Amino acid sequence: MTGLLVASAAFAGIAALIHVYIFFLESVAWSGEKTWRLFGLGSQAEADTVKPMAFNQGFYNLFLAIGVGVGLVLIMSSSAAQAGFGVLIAALASMVLAAVVLITSNPKLARSAAIQGVAPLIALALALIAIIP
């Protein structure tokens with residue numbers, strides 16, 4: 001594996017961990033005051049109102065992280081490396097596009113979009129540079 005691919009895999013792993021953490025916040029720890037305040041909500045009643053949406057959104061983040069993990073595992077397998085790149089690129093691109101949707105829907109969420117999107121963007125760029133002849 002080339003240095004670019006190793007760096008891409010490292011950033012992809014970081015992106016996956018960030019998305020697993022977001023899953024944890026949105027789908028497991030949502031009812032905790034620290035969690036819903038982190039998402040800009042002002043009361044337990046507000047948190048309870050959006051809890052079903054947050055729960056669902058958390059699983060989207062988990063599935064994106066799983067996609068990155070599956071892609072990385074397949075890349076390590078010499079017989080399925082090409083499929084692994086396809087899965088990895090699709091998962092990373094989905095993470096980046098989700099961050100774009102977040103910032104375009106509410107520019108005040110630029111920090112959240114950056115947290116969600118910078119690592120997968122770097123991983124995606126490095127992977128594409130490494131595999132494009």
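The values are calculated or read from the model by the stated rules, or taken from the named source; none is laboratory data. Because the structure is a prediction, the values reported are computed rather than measured. Glycine gets a Cβ as well: all are built from the backbone with ideal geometry, and neighbour counts include every protein chain shown.
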Exercise. Determine which single condition Val118 fails, assuming it passes every other condition in (1) over 15 Å from Ala16 (Cα atoms); (2) without any contact (Cβ under 8 Å) to a residue 60 or more places away in the chain.
Key: (1)
Exercise. Keeping to segment 55-84, report how many residues are in contact with a Ser or Thr (Cβ under 7 Å, 6 or more places away or on another chain) and of a type in the set (A, V, I, L, M).
Key: 1
Quiz prompt | Selection status of Ala91, modelled with pLDDT of 95 or more, surrounded by 15 or more Cβ atoms within 10 Å (Cβ to Cβ) and within 28 Å of Leu5 (Cα to Cα) | solution = yes
Practice problem: Kindly establish whether Val100 is surrounded by fewer than 17 Cβ atoms within 10 Å (Cβ to Cβ), aliphatic (A, V, I, L, M), without any contact (Cβ under 8 Å) to a residue 24 or more places away in the chain and more than 15 Å from Phe39 (Cα to Cα). | Solution: yes
Exercise. Residues being closer than 20 Å to Leu25 by Cα and among the hydrophobic types (A, V, I, L, M, F, W, C): count how many of those fall in segment 64-90.
Key: 4
Exercise. For Ile122, indicate whether it is of a type in the set (A, V, I, L, M), surrounded by 14 or more Cβ atoms within 10 Å (Cβ to Cβ) and in a helix (DSSP H, G or I).
Key: yes
Quiz item: Taking Leu109, is it touching a helix residue (DSSP H, G or I) at 6+ places or on another chain (Cβ under 8 Å), touching a residue at least 24 places away in the same chain (Cβ under 8 Å) and either of a type outside the set (S, T, N, Q) or surrounded by fewer than 18 Cβ atoms within 10 Å (Cβ to Cβ) (or both)?
Solution: no
Practice problem: Please report, ordered by residue number, the helices (runs of 4 or more DSSP H) entirely within segment 1-84 with at least 2 residues that are modelled with pLDDT of 95 or more and surrounded by 15 or more Cβ atoms within 10 Å (Cβ to Cβ). | Solution: 3-23, 44-76
